[in-house]
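Here's the structure we're looking at; comments come further down.
The values are calculated or read from the model by the stated rules, or taken from the named source; none is laboratory data. In this text the structure is predicted, and so the values were computed from the model without any measurement. Positions of Cβ are generated from backbone atoms using ideal geometry, with glycine treated the same way; all protein chains shown enter the neighbour counts.
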Amino acid sequence: MFTLEPQKVLDVVTKHNSLLSQATPADACSQLPTIMDLMAPNCASGEKSAQITAGDLAFLRATYQADLETPLEIEQSNIQFVMLRELEKNNSR
């Protein structure tokens, strides 16, 4: 389990917002554990998740709920809100 920090979620949303067009891996590990770290060349293998994480699932759920007619800035905020809600729900289990 990890500490839920809204700023980290926002950073992930901002970093992976390109997923609305195309996902590109980062050079280093993400602040939140993510399966995307497997493709990060400067992320130590011990820090890489071998499976999809709660953050990944929250991001996917939030992204698939996105309204592509909504302005990008508003949709980023909506994605962040849904991710936080999903992660809080997951942490309370």
ask   = Of everything in segment 1-11 that's surrounded by 15 or more Cβ atoms within 10 Å (Cβ to Cβ) and modelled with pLDDT under 65, which residue is nearest to residue 80 (Cα to Cα)?
value = 10
query = Can we say residue 47 is over 11 Å from the mean Cα position of the chain (by Cα) and at pLDDT below 85?
reply = yes
key: Subset of segment 46-93 that is among the hydroxyl-bearing types (Ser, Thr, Tyr) and part of a helix (DSSP H, G or I) - its residue that is nearest to residue 36 (Cα to Cα)   = 63
request  = Sort out which residues of segment 34-45 are farther than 20 Å from residue 87 by Cβ and in a helix (DSSP H, G or I), and write them in order of number.
outcome  = 38, 39, 45
ask   = How many residues are over 19 Å from residue 90 (Cβ atoms), buried (at least 18 other Cβ atoms within 10 Å of the Cβ) and among the charged types (D, E, K, R) if we restrict to segment 22-76?
value = 1
